[in-house]
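A quick write-up on the structure given underneath.
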Amino acid sequence: MDFSSKLLENAVYEISQLPGIGKRTALRLVLHLLKQPENQTNSLATALVSLRSQIKFCKSCHNISDVDLCEICANPKRDENIVCIVEDIRDVMAIENTGQFRGLYHVLGGKISPMEGIGPQDLNISSLIAKAKSGIIKEIIFALSSTMEGDTTNFYIYKQIEGLEISTSTIARGVAVGDELEYADEVTLGRSIINRIPFEGSLKAN
Ligand SMILES: [Zn+2]
């Protein structure tokens, strides 16, 4: 792509680094911004810079938060005995939208993936195990997507907490295999949380 302007080329290059956005789409977005009032571009740039400089992760559940302890963890009405294990904030949002879960979350920040070189030490697993050993947690719900990486991660954590007095369950496979949680509709997801099945039972079914 030949650009008549280095400024334009730089902007297009940066935007095309985002997932799912090729050079042509990036060019369309940049030209769109140029047609809009200047303050729209400024607001976009400021939002991104503030996001990076001020974002925090909850010290307890590792969810993205503006404060040290996220709203969910800080809410005394939530049941700290039940912890739902998810991959990232999108899953927290999806499950919160169902209005069917009153426990807390633990955000792993990814899934174990030998192919991508992601091991347990790269994820927020040790803090979960520490929490489990402290005796606060009575039930752990695995809510990772039903992919090979999700299953591997579930099983790794399950092995780590085996022997502790914690019941383990997994959300019922009403959520189609391979579907990411974030795309499940609220009714299906809500139902699968209520009808969660014992984790060991899910292992035998596989
Ligand atoms: Zn939290």
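In the elastic network of the chain, a GNM with C-alpha springs shorter than 10 Å, the most mobile of ALA47, ALA74, ALA132 is ALA47.
Per residue Cα convex hull volume for the stretch 6-54, in cubic angstrom? Walk me through the numbers on the way to the answer.
Numbers: hull volume 3.9 nm³, N = 49.
Measuring per residue, one finds 79 Å³ for the Cα hull of the stretch 6-54.
Between GLU200 and MET1, the simple label model (points 7 Å from Cα in the Cβ direction) yields a spacing of 5.6 nm.
Which of SER167, SER134, SER65 moves the most in a Gaussian network model of the chain with Cα springs under 10 Å? Comparing SER167, SER134, SER65 in a Gaussian network model of the chain, the most mobile one is SER134.
Near the amide H of ILE112, within less than 5 Å, lie the amide hydrogens of THR153, all on another chain or at least 5 residues away, with H placed in the peptide plane. Once each of the trypsin sites (Lys or Arg not before Pro) sitting in a DSSP loop with at most 12 other beta-carbon atoms within 10 Å is removed, the chain keeps 103-206 as its longest stretch. Against the empirical curve 2.2 N^0.38 Å, the C-alpha radius of gyration of the chain lands at a ratio of 1.24. Across the chain, C-alpha contacts under 8 Å between residues 6 or more apart give a mean separation that, scaled by the residue count, equals a relative contact order of 15 percent. Go through the stretch 32-40 residue by residue and turn each phi into a ³J(HN,Hα) via Karplus (6.51, -1.76, 1.60, θ = phi - 60°); whole Hz please, and just put x for glycine and proline. Working through the residues one at a time gives 4, 4, 5, 7, 7, x, 4, 5, 5 Hz. Can you give the accessible area per residue of the chain, in Å², using a 1.4 Å probe? Using a 1.4 Å probe on heavy atoms only, each residue of the chain averages 61 Å². The length gained on full extension between LYS35 and VAL49, counted as 0.36 nm times the residue separation minus their Cα-Cα distance, comes to 2.8 nm.
Quick check: at a probe of 1.4 Å, how many percent of the accessible area of the chain sits on carbon and sulfur atoms?
Values: 6760 of 12540 Å².
Answer for the chain is 54 percent, counting heavy atoms of protein chains only.
In terms of its C-alpha gyration tensor, the stretch 75-116 has a prolate overall shape, because the principal axis ratio a/c (a ≥ b ≥ c, square roots of the eigenvalues) is not below 1.5 and a/b outweighs b/c.
Does anything in the stretch 148-171 have its amide N under 18 Å from the 7 Å Cα→Cβ label point of PHE57, and if so which residues? Flagged as within label range: 153-154, 157. The modelled label-to-label distance for the pair THR147/GLN100, using points 7 Å beyond Cα in the direction of Cβ, is 2.3 nm. Each residue, SER134 and LEU18, gets one label point 7 Å from its Cα in the Cβ direction; the gap between the two is 3.7 nm.
The values are calculated or read from the model by the stated rules, or taken from the named source; none is laboratory data. Worth saying up front: this structure is predicted, and the values here are computed from it rather than measured. Here Cβ is always computed from backbone atoms with ideal geometry, including for glycine, and neighbour counts include all displayed protein chains. Just so you know, the surface numbers come from the protein's heavy atoms only, side chains and all, with ligands and any DNA or RNA stripped out. Shrake-Rupley method; radii C 1.70, N 1.55, O 1.52, S 1.80 Å.
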